[in-house]
Each structure stands twice: as structure tokens, then as C-alpha cells.
Amino acid sequence: MEKENELNETVRDTYIKNKHTDDLVDHYWGAINYILSLIKASEVKAGLILSFYGLVFNLIYLSQEAIVAKVGYDILFYSLFGLWALCICISIYHSIRCFIPVFKKDYESNIFFFGDVISAFGDIKKFSKTFYEISIEEDRVFDQLGQQIYVNSKIATEKFRSVNLSIRFLAIGLGIGLVMIVYLFISQLFL
């Protein structure tokens, strides 16, 4: 009876340990997927900003003759326009920068990073063997997953930094654009 109780406790302890490991795997992969969704969200925002600029540039192109006819050689208007164009260029730069991956290779090779899969583990057979060897050792798997969470978080941080700067310069550009429109309207009233 005593041996049966010990066996039951061992089975129960093994089940609890395995259940905890399963929960940890889900936790790590959930964190990776959450960070990947943040990366996608930053890229969607950058894409929307660039689409907005496409509409703005189309409007300017279609109405450029009318604007030039009304403005003439007004230095203040062209100065404001220059500031506006500078803000827009900076904003576009940061939006495009969001799409450019930034990989600084100062980390050890990781079986979950696509670039390392091809470049750091040899051919398909060597990678498959390494992947299996790491996968059967829980500590190594969790270490590799944790490193990937860190790298993905760093990428997401950089992308959101670029999107935030793009939005800030978009807002400044919109403010300058509003001042230009008001200035143009007021100057036309007094002509």
C-alpha cells in the first residue's frame, strides 16, 4: 500500500511538473505571438500614414496651378510650405523606416529566429538535429524562447518609435498646413 501511494505521488508530481511545463510553453508562445501582433500593428499604422500622404500629394498635384495662381510670389507662404514639406519628409522617412527590419547580430544563434535557421545551423539535416537536441532539453528551449521574446520586443520597440515619430511630424505638418490655409484665405480676403 505504501509503495502504491509513493507511486501515485510520483505520477501526480510528474503530471503537475509536465502540466506546468505545458503552461510555460503556452505562456512563452503567447508572449511571442503578442509581440508579433504589435509589430504588425506598427506596420499597419505606418502604411496608413503613407496612404494618407498619397492622398495629400494627389490633392496638391491636382490643385497646384490654382494655388500658384492665388499665391503668386508670397515669401511667407513658401516659407510655411517649406516647413510643411520638411515635416512631411521626416514623417515619411520614419514611416518607411518602420518597414525596414533592423537586425543587429549581437545575440547568440537562436533556433526560433528565421535568419539563424538558415545561416547559423548548417544544412537542413544539421538544423533538424540541433532543433531536436534543443527541444528535448526544457531549459534550453525556454532559454531560446526567452531570447526570441527579447529580440522581438526590441524590434517592436524600434518600429513603434518610428511610427510615433512619424505621427508627431504628421501632426506638426497638419498644423503648419492649417496655418497655410488660413493665411491663404486671409490674404485672399484683403486682395
Problem set entry | Fully extended contour minus Cα-Cα distance, from Leu178 to Ser119, at 0.36 nm per residue | 16.1 nm
Seminar exercise, completed: With R₀ set to 30 angstrom, the calculated FRET efficiency between the beta-carbons of Ile136 and Glu108, to the nearest 0.05, is 0.95
Exercise. In what order, largest first, do Thr157, Thr130 sit by accessible area if the probe radius is 1.4 Å?
Worked result: Thr157, Thr130
For this session: Run through all the Cα pairs of segment 152-191 and give the fraction in each 5 Å bin from 0, expressed as whole percent.
Result: 6, 22, 13, 13, 11, 9, 9, 6, 6, 3, 2, 1
Problem set entry | Directionally averaged shadow of the chain, computed from the convex hull of its alpha-carbon atoms, nm² | 17.5
Exercise. Taking a temperature of 37 °C and a viscosity of 0.692 mPa s, what whole-number D in µm²/s does Stokes-Einstein yield for segment 17-68 with Rh from Kirkwood over alpha carbon pairs?
Worked result: 225
Problem set entry | Spin-label pair Leu76/Tyr34, simplified geometry with 7 Å Cα→Cβ offset, distance in nm | 5.3
Seminar exercise, completed: Along the dipole axis of the chain (charges at Cβ: +1 for Lys and Arg, -1 for Asp and Glu; origin at the Cα centre), the most positive-end residue among Trp29, Ser135, Gly177 is Gly177
For this session: Show that you can apply the helix-only estimate: for the chain, add -39,500 (n - 2.57) for every DSSP H stretch of four or more residues, divide by all residues, and state [θ] at 222 nm to the nearest 500.
Result: -31500 deg cm²/dmol
Seminar exercise, completed: Measuring from the longest principal axis of the C-alpha atoms of the chain, the long axis of helix 138-189 (C-alpha) lies at a number of degrees, nearest 10, equal to 10
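The values are calculated or read from the model by the stated rules, or taken from the named source; none is laboratory data. What you see is a predicted model; the values in this text were computed from it and never measured. Using ideal geometry, Cβ is built from the backbone for each residue, glycine included, and neighbour counts are taken over all protein chains shown. The accessibility values were calculated without ligands, DNA or RNA, using every heavy atom of the protein model including side chains. Shrake-Rupley method; radii C 1.70, N 1.55, O 1.52, S 1.80 Å.
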